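Read through the structure below, which is laid out as structure tokens, and then see the notes.
Laboratory data are not the source of any read-out in this text; all were calculated from the coordinates shown. Predicted, not measured: the structure shown is a model, and the values here were computed from it. So basically every Cβ, Gly included, is an ideal-geometry build from the backbone, and we count neighbours across all protein chains shown.
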Amino acid sequence: MLAPSVRRCAASHLGRASAPGATGARVRFAPSPTGYLHVGGLRTALFNYLLARHTKGTFVLRIEDTDQTRLVPGAADALQDALTWAGIECDEGPRQGGSYGPYVQSERLPIYRTYAERLLHAGRAYRDFRPPVQRDANARTSALLREAYLPPSEDEAQERIARGEPYVIRLRMEPGRTFAYEDGVYGTMTFRPDMIGGVGDDPIIVKSDGWPTYHLASVVDDTEMAITHVLRGEEWLPSMPKHLALYEAIDAKPPTFVHLPLLINADGSKLSKRSGDVRVEDYRARGIEPEALVNLVALTGYNHQHTDADDSDVLSMAQLIDEFELRRISHSRATLPTEKLPFLNRRHMMAKMHDPSTRPAMLARLRPLFDAELGAEAARAIPDDALLDTAALGCQRVDTLAQVPHSVAYYFQQPDWGSEECRRFRASVKTPAFGTYGAPCPTNRRGRLAQRTHLL
């Protein structure tokens, strides 16, 4: 039997999930702290966040660290920092807390242990004492697995446990069972026995070190945390039969599953570092605005309602939230349209310089850059509004904020006529084409600049 606190939590989930009028989606983003936040992970987090905000629901961050062998020190903090930088605000999580914590799986081991004991007691799981080599060999002949291994009785199992014999716990899959569910992207999905792996393909749910596998921990946590929608990558589709069997075994209602098509390279291969920047930190280091990266990711694998306007692809977080619908998620894998990123970055920089709510922050970022470009004394003589408005003009010709001061420096200081750059420019000008002093000024921009240079 489940512990009273666990039973109450599970019961409250089931009641809430079926309660009439409960429309707000309760979603989670559950990364493993094994490295950086990948742009594919950012898209998964973003789509979860947009669904939560669109439905006035709840966005939960959960750190899945059950694979202790692959942990990277500091990765959990880096993941949370990257989400904060991207403007994805967590309602519940390791830093925010909440009523369904703890939000780190390594702190939830007693809960998984309680569920595993319940499954053993109900006969839905069994202890496997075979050595790993033997287990792996039998897994390759899964149809004979159950015939090759007869789990010990409970008394015998306790004796072997007392002797210190290691074991794993397996979920007992029903032979010949077909599993089906309705996916939020792919529609009705059916898994026949021949697609699952055979009669004896009983997945491990607790490892020999006592730690749960992803399958058990994920299903238990989604149940305990009252998750209503699971948006995750399509790479988890093959695990669906195991997860549906687990939900059935613990007597819980599965959430709505939405599997997101993967982001891929132009050649169809899996997105990787070899194809360019894939870490959120890489884009941040390049000077990409968080709004621009979020905008780019949101355009990937989602059918937006475009207009004929030039800026139809330029979308704020508020606009993304307002229009988000699961049915608009594409069924096909997509490549990240990085060629749009400079354009999006310029547009979002300009927008933040004109928006009264973000102008102070942009001014604080620009002042040190102008100090370095013009000198502190000259830069500080420029009024705030003049600096911001001029910087907004400069955004049209640059890719990042760091490039803005240099692009507009000529508004605030005379050029260095003795510089190599200026000499090259003057040498390129054909002065006879401009006539003498007092002649009509050429109408094109290049002509006006050249005449000015000649006269000076």
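Cross-link candidates for residue 352: which lysines have Cα within less than 24 Å, leaving aside residues fewer than 8 places away along the same chain?
Hits, sequence-local ones excluded: 340.
Collect residues whose amide H, placed 1.01 Å from N in the peptide plane, falls under 5 Å from the amide H of residue 260; neighbours closer than 5 in sequence don't count.
Long-range HN contacts for residue 260: 232, 233, 234.
Quick check on packing: order 242-250, 362-370 by the mean number of other C-beta atoms within 10 Å, highest mean leading. Can you show the working numbers first?
On the way: 242-250: 20.4, 362-370: 17.1.
The peptides rank, most packed first, as 242-250, 362-370.
Once you charge only the Cβ atoms, +1 for Lys and Arg and -1 for Asp and Glu, what is the size of the charge dipole of the stretch 355-411 about its Cα centre, to the nearest 20 debye?
80 debye
Which value, in Å to one decimal place, does the Kirkwood hydrodynamic radius take for the stretch 355-411 when every pair of different Cα atoms is included?
On the way: mean 1/r = 0.0894 Å⁻¹.
Here the Kirkwood hydrodynamic radius works out to 11.2 Å.
HN-Hα J couplings of the stretch 379-387 from phi, Karplus 6.51/-1.76/1.60, θ = phi - 60°, integer Hz, Gly and Pro as x?
Ordered by residue, 3J(HN,Hα) equals 5, 6, 7, 7, x, 4, 4, 5, 5 Hz.
Counting only residues 5 or more places away or on other chains, whose amide H sits under 5 Å from the amide H of residue 335 once H atoms are built in the peptide plane?
Residues meeting the amide H criterion: 264.
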